[in-house]
Amino acid sequence: VRDADDAEFEQFVDAHARELRRTAFLMCGDWQRAEDATQDALVKLYVAWSRLERAGGLRAYAHRAVTTAVLDQGRRPWRREVATTTVPDSGTDPIERVDRRLAVVHVLQRLPERRRQCVVLRYFADLSVEETALQLGINAGTVKSQTARALEQVRTSLVGLGLDVELEELS
Amino acid sequence: VNERISDLLDRASDDGGAPLGFTGSALVQQARAARRRRRTVGGVAVGLAAASVAGVLVATQLLASPHASTLVPTDRTSTPVTPSVPSHSSGPALTRQEQSVVDQCARAHLPAPPVKVPNGQEGIRGPSVGDQIQSSTTVGPRATFLRHWTLDAHLEDALGVTATFVNPSHTRWASCDLAAGETRDGDGVWTAPLPKGPVPQSWYGPNGFRHQGNTVSWSEVCAPGEGKTCARELFAGGLVRYDGVDSARVAAPDGTTVTPVFGTYTYVFRHAEQRVDPHRAPNDNQVLPSMPVTLLDGEGHTIIRYDYFPSYLLPSNCPPTGGC
């Protein structure tokens, strides 16, 4: 990667890293893991930087890379190891669970991976159906059906938690 | 309530403006270092293919030791790359004293997990919806997992032990604080995510909770026959080191400058002194004496200065003894 590319990459990080960290947070519900995953994704992005198409696809690619990094992170064995210890700052703190904002995060974590990716990329990263399909390597119909099921599951779960929420966008 | 899913997600992921723990240039350096590491580790792997079993064992121990942290692929730029002071431990080669510290801490207890209690019962009120929690027991399970973590830094004296540990993937750390010979309130082990990046300029994390591990414990040191207020007191702490921090100076209440012991990721100190304020109440539900710490880089320049009691950043115009 040349110096000019480095400068361009650093500008991209400055402009998008926080948004990417928020995407990662929605995927995993833990700010520490979100920050780790964002770093992982951006390092991979840097390695591929000179080969990436700049026109429009870069941001979508980065969001997809972050969601993938979160899922990869979740598959590492040490995450299971951590889950067995009783830690004071666990993401499942009962205080947080009942908070409306964190209830959404909690519900998202219960979605299957593909549905969670679809709903986060579509409604937080604001990718189109076609962009989401391209980034996830699935067809547009699958994006639509996975997103619709995800939204229905989110709505049902939030209501189940006692939150009075109707989701306006169901497709 | 009819809401847009995009609005729900936007609010759910509100980071409160918390700064990132990395920069674009740091990531560039990290990616370049990763490329170099891949080449280095690849070279080691080729060498090992032809090596004897003994050689493999030595290499494994080297890769497992904290001194080889720059060779471990899971490392990040935000971890201290070149610790100037060797850490006190490595998994395969603990001294008898280090093993004793690990054993003591592994027998200690974690805090009790919180449990939800019905409204109307005594508990701690939640931040937004009035939910309540309380501890189900006075202590949690024993911290036996520490036997598989790396002892990062420790100090032991006649009054007890203060030690820090880091998990195998360098993502969590644990602090262990024990009194010698007997249990006292506050003894035990707790763990937290290992913060990444430079020393934070705010003690509040993105979730709004206070950053952990930025204060130290206090206890009285009582001689037989002493009354409620004992003549000596102990200050001890295990704290995160952060990037670029090479050493620290702690200004104790009696005027002594305490030099902490540094591990790869954390540092510890213990300091016992004659009680400076003889009238202070014999418990820690009171204002403890100012105890400023200065974190220094490799060239001895001040990175940040803050006070353990109370835990806030010190303005530059504060006197070196703190207390402003």
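At a glance:
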| read-out | value |
| --- | --- |
| Search result, residues across the range B:255-278 that are closer than 25 Å to B:Trp149 by Cβ, part of a strand (DSSP E or B) and of a type outside the set (D, E, K, R) | B:Val261, B:Phe262, B:Thr266, B:Tyr267, B:Val268, B:Phe269 |
| Inter-residue pairs, beta-carbon under 9 Å, first within 8 Å of another protein chain (Cβ to nearest Cβ) and within 12 Å of A:Thr147 (Cβ to Cβ) and in the range A:100-128, second outside any helix (DSSP H, G or I) and modelled with pLDDT under 85, 6+ apart | A:Tyr123/A:Glu169; A:Tyr123/B:Arg4 |
| Count of residues meeting criterion [buried (at least 17 other Cβ atoms within 10 Å of the Cβ) and not charged (D, E, K, R)] in the range B:220-243 | 9 |
| Single residue of A:Arg54, A:Arg76 found to be modelled with pLDDT under 80, within 9 Å of chain B (Cβ to nearest Cβ) and surrounded by fewer than 20 Cβ atoms within 10 Å (Cβ to Cβ) | A:Arg76 |
| Odd one out for B:Leu155, checked against (1) within 13 Å of chain A (Cβ to nearest Cβ); (2) at pLDDT 80 or above | (1) |
| Sole exception among (1) surrounded by fewer than 17 Cβ atoms within 10 Å (Cβ to Cβ); (2) among the acidic types (Asp, Glu); (3) modelled with pLDDT of 70 or more for B:Asp307, by number | (1) |
| Residue check for A:Ala24: in contact with a Cys (Cβ under 7 Å, 6 or more places away or on another chain), surrounded by 17 or more Cβ atoms within 10 Å (Cβ to Cβ), at the interface with another protein chain (Cβ under 10 Å from one of its Cβ atoms) and part of a helix (DSSP H, G or I) | no |
| Matching entry among A:Asp14, A:Asp36 (being within 9 Å of chain B (Cβ to nearest Cβ), buried (at least 22 other Cβ atoms within 10 Å of the Cβ), assigned to a helix (DSSP H, G or I) and free of Cβ contacts under 8 Å to residues at least 40 places away in the same chain) | A:Asp36 |
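The values are calculated or read from the model by the stated rules, or taken from the named source; none is laboratory data. All of these numbers come straight from a predicted model, not from anything done at the bench. Here the Cβ is made from the backbone with ideal geometry for all residues, glycine too, and neighbour counts use every protein chain on show.
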